[in-house]
Amino acid sequence: MKRLAALLGAGLLLAPASTLAKPGDRIESGRIIAVDERPYRMVHEFALSTGVIPTDAFYVGLSLGGSYTLHLSDVWAWEAVSFHYSANVSTDLESELQRRFQAAPEQDPELQYLVGSHVMFTPFFGKETIFNSDIVFQGVHLALGGGLSNFAGDREDSFRPHISAGPGLRVFFGQVVSARLDLRGFMTLDDVAGSLETDFFFHGFLSVAFNFGKTRATEIGKNEDVDPLTGFEKLDELYPRSNPEAIIVDEEEEKDE
Amino acid sequence: MTRWYLAAALCMPLALSTPSVQGKPAVDDSEFEGPDEFEGPEDDAFEGPEEAPADEDPEPQPADPAQEPPAVDAPDETRKEPEVRPTAPPKRFQEGLSAFYGDNFEAAAARMYDYVATNEPTAENYDWAEYFLGVSLSRLGFRQGASEYLYNVAKNRSSPEVLPEALVELEKIVNSGPFDEALIIDRLFVDSDFGYLPPYISSFVRYHQGLADLRAGRLAWAKRLFDQIPEDDPYYPEAQYALGVERLKKKKDPEAVRLFRLALVHPESDRELRNLCRLALARVLYEEEEYADALRIYDQVEVPELSTAEASLFLEKAWAHYWLRDFRQTMGILYALEAPSYRDFYSPEKFLLRSLIYMNMCHYIPAKREIRRFRFRFQSPLENIRSRIDLREDEVLRNAALQDGKIGRMADLRRMLAREADDIDTVGGAWIETGLDEQLRKIYRLAIRRTDLRLNAMLSAESRRVAEELVEFEEQMYLLDYEVGLAIYRRLRKEDARRETEQDDLGIPIAGDQTYFAFDGEFWNDELPTYDFYIENRCFDQGGTE
Amino acid sequence: MRMAIQAAVVAVTAMVTSTALAQNESAYQKVAVQKRKYVLANELKLSVGVLPLDPYEKGYSASLSFTRHFNQYWAWEIVSASAALLADTDLKDQLVDVFGQSPDNFAAPRLVFTTGVELTPFYGKWAFLNDGIVRHSFLVGGYAGVIFGDREEFSGGDGPTTLGDVRPSVGPGLGYRVFLSQNWSARLDWRTLLSFRFEQVPEEGDDLDVVMLINLSLSWNFGADV
């Protein structure tokens, strides 16, 4: 709960890493925590996606698209822009209705493409074993955002504003390449004869993401504390003649003399 | 603090075997009345050697190598053939050679053995036949059998041209797993003067002869032998390391540090040697109480994951963190040692360290709990020690004794012998026809009995040493218990109030370059080195004890 | 005190450190997790779910199943029984009301009985904002059984009943489990069964249906040797 409280706090969006939770009195005689270095850092992410949009019973959209995401921290990211084109495929329901029931229902305009922008929140980070052998790292995120949907039909070609939200899973294959599975629900608003109507549909898509860069926009100017010492400096200090390379220099000097 | 690192550094590779009883191999096994008949291979959980009867002196008696018979005697003396086989013609040797170069090592071994077993040692190509027999056995995985025949070739030295080849094969055996140190090192290298050897094998021999001299305290002789090793030879850094260990044994010697560093940066040093050097240097810094720098070098030591060696390294690092008063890291390491992979790692000091940490953080009840855990954990061996039973019978003490490097190597050899003896059954045909399988059985039966004798003797001494240390530990735990009791009622002065340190910050960021997984009894291998202990420091002043 | 403790430390450390660096490899090196926190043995699972059947009907299901886990990878779901409550879609209502179609022409599954083998290759944990830990696993399964169709309405006197409309079915499934404790876990399952439907009314013909089941379950695990 303290996590959630911290989450809701002001300023979290821009400075998440500084938010600390005090464990308080639950530490009686101590607890052990494995502090794992995160193996990968996401910074600039470009993704190519393909998926399905089961908009209604008469057709299914097969989507193709891409996105750019700017990662501000390990928890927060901004999917600045995403675009998904929908290639619509008939479900044969229309012909089935015609064949079985001699019925020909009227069809609504079909989705053509989606343009949006989302905030991505990644509260879960973890790892998975495959047959208790190899380990792959994962993150689970939630996306919330909005944009425009383009619908086209026999009589109209219109843009509808939408809001969208949904979870996603990322599996890391390395610092550069990762795969994403996202499921998003869309609510569109449409002006029908002067009144606003809402419509819902889902979009599930699988992406291959390519990550570039090391330093995030929120980290520019921060220095990493790297211990430059190796322990051998102390040996040089305690035993000045123990460094074989230094002694070679001495011998050469002696020869010169 | 006593220079404990000396003993540790010396264990490798100087701590090779002491001269041991060498039974007459291959034939007359009736003189061995000790261990039971070998009954096949043991599983990996080696429990120690078969026990010698009570009336047998478990201590190995140094044998005079000169009086010992060769590893594999001449055929007419060694084999108890059910029927006398006719003398194999020179053609048999040629057949063996063809099979060898055709990679048919089973057939090659059978033919070479037939030639060796039915001819006099003066026969043409006799030494080569023994050599090819040894190499064929080696290729088939019978390392002990190979060692014995190659030993014969090298020891007899009747054909100078075969000697280097035999030594090359022995080098491969020595550098690739468990081997019979008593046979190859003590009986062959120590007791032989090989005369001129070609450069590609002389360093190997000089190195092991030098090591033997170092063990015997003949430093000048050792140096003379080591000086004959060329600087660009892989044995050169090994020799420097050995000399470093020897110098460190006598006093805190800067030259020892230089030798370790020389071996470390030598281009021919292999990974294991580099790690040994780093370990030795880290221990030198530890001894100088430069714990932070010691840890920096400890961190560069690479050991096989989840091995006893890693557990040992963890423990040393835990002590370094402890003296730096980094109790969180210390306890983290100690928790990692609770993983099932380290269950066999004997370390009563885990309990001591944990108790000390709790005491330093003024958590007195947990400190006392750790002392109770120690007593509970070692109750059985301590009772066994007091009741004066044979200490080798105590599982805890026996396993602890087997952690010793030298006994561990001997136990590895014992396992190898059992495995190879069992493998003889997988080869039939020509081996049975020529009697090679029966001969190998005798060789292995004898080697196993010799090894069991040595193991029993070493285990007896080592178990006694472990037991003495455990008793001493128990006394320390009693003392610590008393100290904890005093600390509970210690008077505090306002002016001694301590300042908060970084270690008092128990906050966990919700994001960042680290992921925090709370430990709840599930051991992930990749997390073991990363455990951190989150505990509130309840001390008003510095608390605890140093 | 310091000296006394040091003496003990010295003795033991010297012994411990005499262990050779080059040790045999540990058997644990081959695994990622040495000891799992939760062990599954006998699993009794109660589920609620949906059957997005076809454009005409949707089903809401309740299921009960029992699974025997042999090890951390393999399990046998000995039996799973599901009953569906069907709901008409707007399209079906429209067809019945506007186009005068008989409700009997729609034949969604009513009962599903399957058995199956499950393989759990993935096991992992997620940290929630560096605090709580969620342990979970992914599984794949293969299932086979029978589906009984929704045929009561037109059974009349002589026609087939629901139990007469038996459809052999087989198909794969995916599952995701979140461990709540040693005894309890939650599961989300998605199964797709290929169902062979024999002709029940004249001229309907044999047909092949794809039946999808999405279940959310609560599992009780018992009898594990932890």
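Scanning the stretch B:257-284 for residues that are under 14 Å from A:Asn243 (Cβ atoms) and in a helix (DSSP H, G or I) yields a count of 12. Could you pull out the residue among A:Ala77, A:Ala57, A:Ala34 that is in contact with a His (Cβ under 7 Å, 6 or more places away or on another chain) and either modelled with pLDDT under 90 or within 14 Å of another protein chain (Cβ to nearest Cβ) (or both)? After ruling out the rest, the residue left standing is A:Ala77. For B:Ala311, state whether it is over 20 Å from A:Leu235 (Cα atoms), of a type outside the set (S, T, N, Q) and at the interface with another protein chain (Cβ under 9 Å from one of its Cβ atoms). The answer is yes for B:Ala311. Within the stretch C:16-45, the set of residues being closer than 27 Å to C:Gly223 by Cβ and at pLDDT below 70 is empty. For the stretch C:202-212, a tally of residues being at pLDDT below 85 and loosely packed, with under 14 Cβ neighbours inside 10 Å returns 7. Is it the case, given these coordinates, that B:Arg258 is within 14 Å of chain A (Cβ to nearest Cβ), more than 29 Å from B:Ala212 (Cβ to Cβ) and free of Cβ contacts under 8 Å to residues at least 40 places away in the same chain? Spelling it out, it is not the case that B:Arg258 is within 14 Å of chain A (Cβ to nearest Cβ), more than 29 Å from B:Ala212 (Cβ to Cβ) and free of Cβ contacts under 8 Å to residues at least 40 places away in the same chain. Each residue in the stretch B:428-481 was checked for being of a type in the set (A, V, I, L, M), over 27 Å from the mean Cα position of the chain (by Cα), closer than 30 Å to B:Met112 by Cβ and crowded, with 16+ Cβ neighbours inside 10 Å, and 2 of them qualify. Kindly indicate whether A:Gly116 is outside any loop (DSSP other than H, G, I, E, B), within 14 Å of another protein chain (Cβ to nearest Cβ), touching a residue at least 12 places away in the same chain (Cβ under 8 Å) and among the small types (Gly, Ala, Ser). No. Just to be sure, is A:Gly153 within 23 Å of A:Asn88 (Cβ to Cβ), touching a residue at least 24 places away in the same chain (Cβ under 8 Å), out of contact with any Ser or Thr (no Cβ under 6 Å at 6 or more places or on another chain) and exposed (fewer than 15 other Cβ atoms within 10 Å of the Cβ)? Yes. On the given criteria, is B:Asp422 surrounded by fewer than 23 Cβ atoms within 10 Å (Cβ to Cβ) and more than 14 Å from chain C (Cβ to nearest Cβ)? Criteria met by B:Asp422. For the stretch A:11-28, the criterion of being at pLDDT below 90, more than 19 Å from the chain's Cα centre (by Cα) and away from every other protein chain (no Cβ under 13 Å) is met by none of the residues.
Quick grid of which residues meet (1) touching a residue at least 40 places away in the same chain (Cβ under 8 Å); (2) more than 13 Å from every other protein chain (Cβ to nearest Cβ); (3) within 19 Å of B:Ile185 (Cβ to Cβ):
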site	(1), (2), (3)
B:Phe226	no, yes, yes
B:Lys250	no, yes, no
B:Pro254	no, no, no
B:Glu272	no, no, yes
B:Ala320	no, no, no
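Only residues that are of a type outside the set (Gly, Ala, Ser), under 30 Å from A:Phe125 (Cβ atoms) and either assigned to a loop (DSSP other than H, G, I, E, B) or away from chain B (no Cβ under 14 Å) (or both): list them for the stretch A:61-74, please.
Filtering the stretch A:61-74 for residues of a type outside the set (Gly, Ala, Ser) gives A:62, A:64, A:68-72, A:74.
The next check asks that each one be under 30 Å from A:Phe125 (Cβ atoms); those that pass are A:64, A:68-72, A:74.
Once the filter is applied, which keeps residues that are of a type outside the set (Gly, Ala, Ser), under 30 Å from A:Phe125 (Cβ atoms) and either assigned to a loop (DSSP other than H, G, I, E, B) or away from chain B (no Cβ under 14 Å) (or both), the stretch A:61-74 yields A:Leu64, A:Tyr68, A:Thr69, A:Leu70, A:Leu72, A:Asp74.
When B:Leu248, B:Leu243 are screened for being among the hydrophobic types (A, V, I, L, M, F, W, C), in a helix (DSSP H, G or I) and at pLDDT below 90, only B:Leu248 passes.
Kindly indicate whether A:Gly145 is out of contact with any strand residue (DSSP E or B) (no Cβ under 6 Å at 6 or more places or on another chain) and away from chain C (no Cβ under 14 Å). No, not satisfied.
The set of residues in the stretch B:192-239 being among the basic types (Lys, Arg) and either part of a helix (DSSP H, G or I) or closer than 19 Å to B:His266 by Cβ (or both) consists of B:Arg206, B:Arg215, B:Lys223, B:Arg224.
Of the candidates B:Glu231, B:Glu268, B:Glu287, B:Glu255, the single residue that is surrounded by fewer than 20 Cβ atoms within 10 Å (Cβ to Cβ) and closer than 24 Å to B:Ala320 by Cβ is B:Glu287.
Residue-by-condition table, conditions (1) among the aliphatic types (A, V, I, L, M); (2) free of Cβ contacts under 8 Å to residues at least 60 places away in the same chain:
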| residue | (1), (2) |
| --- | --- |
| B:Ala447 | yes, no |
| B:Asp452 | no, no |
| B:Glu462 | no, no |
| B:Val466 | yes, no |
| B:Tyr478 | no, yes |
| B:Tyr482 | no, yes |
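The values are calculated or read from the model by the stated rules, or taken from the named source; none is laboratory data. Computed from a prediction, not measured in an experiment: that's the story for all the values here. We place every Cβ from the backbone using ideal geometry, glycine too, and count neighbours over all the protein chains shown.
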